[in-house]
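**Q** Got a structure for you, questions after.
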Amino acid sequence: MKADFLKAIDDFILDRLFQPLVDRLPEETSAWNIGISFELGSVLLQVVCLLAPLLLYGATLGESVEAILVLLCSIMLFIGFQRFQTLVRPNMMNPLRPMMYSLRVVCLGFLLYETISLFVGAAKPQMWLWDRLGLLSQLTFVVGLYFMACQMPPPGARQARKRRTVIKGVVSDGVQ
């Protein structure tokens, strides 16, 4: 029951929010490239969240253990995602959609938890900016996951939609 609910939420986010964006992308831009760019942005934001308190406030490495572990996990995932690029091809089902379902749901849950705890939890005034940058890093990571899981439209489909030409026997104006 709960698994069906989570699957429905994941499908809604993919099919109703991200896939329409991917379908409107220019021909030379792929959802994979946008997704991996978001992942790289997430890693860079994690670097800032780690180094800024160390350099600006004199935080110790002991106080930054969580940020170090998150950064290392982000780097490992980014390197791992590079290997998946060959799996995503036009005119074929994106295998990353079912493969990364659990990762998307868990990361979405952590994003929701982090958002709630940031506004409800105990405030650390000196870390206000870095906590929000960490939240932004998590958000960019989740957005990147969803972009990478989107189905790539066939190469001619985007151009055909612009020119209103026939695609597989159906005219896009509704006239046959």
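The values are calculated or read from the model by the stated rules, or taken from the named source; none is laboratory data. Quantities reported herein were computed from a predicted structural model and do not represent experimental measurements. Note that we place each Cβ from the backbone using ideal geometry, even for glycine, and neighbour counts take in every protein chain shown.
**Q** Can you tell me which of Val106, Val65 is within 16 Å of Asp11 (Cα to Cα) and of a type in the set (Val, Ile, Thr)?
**A** Numbers: Val65 fails: within 16 Å of Asp11 (Cα to Cα).
Criteria check complete, one pass: Val106.
**Q** Now for a different question. Return the only residue of Phe38, Phe5, Phe18 being assigned to a helix (DSSP H, G or I) and either more than 13 Å from the chain's Cα centre (by Cα) or loosely packed, with under 13 Cβ neighbours inside 10 Å (or both).
**A** Phe5
**Q** Which is over 15 Å from the mean Cα position of the chain (by Cα), surrounded by 18 or more Cβ atoms within 10 Å (Cβ to Cβ) and either in contact (Cβ under 8 Å) with a residue 24 or more places away in the chain or within 13 Å of Ala149 (Cα to Cα) (or both), of Leu71, Leu50, Leu25?
**A** Numbers: Leu50 fails: either in contact (Cβ under 8 Å) with a residue 24 or more places away in the chain or within 13 Å of Ala149 (Cα to Cα) (or both); Leu25 fails: surrounded by 18 or more Cβ atoms within 10 Å (Cβ to Cβ).
Selected residue: Leu71, the only one of Leu71, Leu50, Leu25 that is over 15 Å from the mean Cα position of the chain (by Cα), surrounded by 18 or more Cβ atoms within 10 Å (Cβ to Cβ) and either in contact (Cβ under 8 Å) with a residue 24 or more places away in the chain or within 13 Å of Ala149 (Cα to Cα) (or both).
**Q** What residue, among those in the stretch 56-104 that are of a type in the set (Gly, Ala, Ser) and modelled with pLDDT under 90, is nearest to Val142 (Cα to Cα)?
**A** Filtering the stretch 56-104 down to residues of a type in the set (Gly, Ala, Ser) leaves 58-59, 62, 64, 67, 74, 80, 102.
Pick out the ones that are also modelled with pLDDT under 90 and you get 58-59, 62, 64, 67.
Working: Gly58: 30, Ala59: 28, Gly62: 28, Ser64: 23, Ala67: 18 Å.
Checking each candidate, the answer is Ala67.
**Q** Right, here's the next one. I need a count of the residues in the stretch 85-105 that are surrounded by 12 or more Cβ atoms within 10 Å (Cβ to Cβ) and without any contact (Cβ under 8 Å) to a residue 40 or more places away in the chain.
**A** 3
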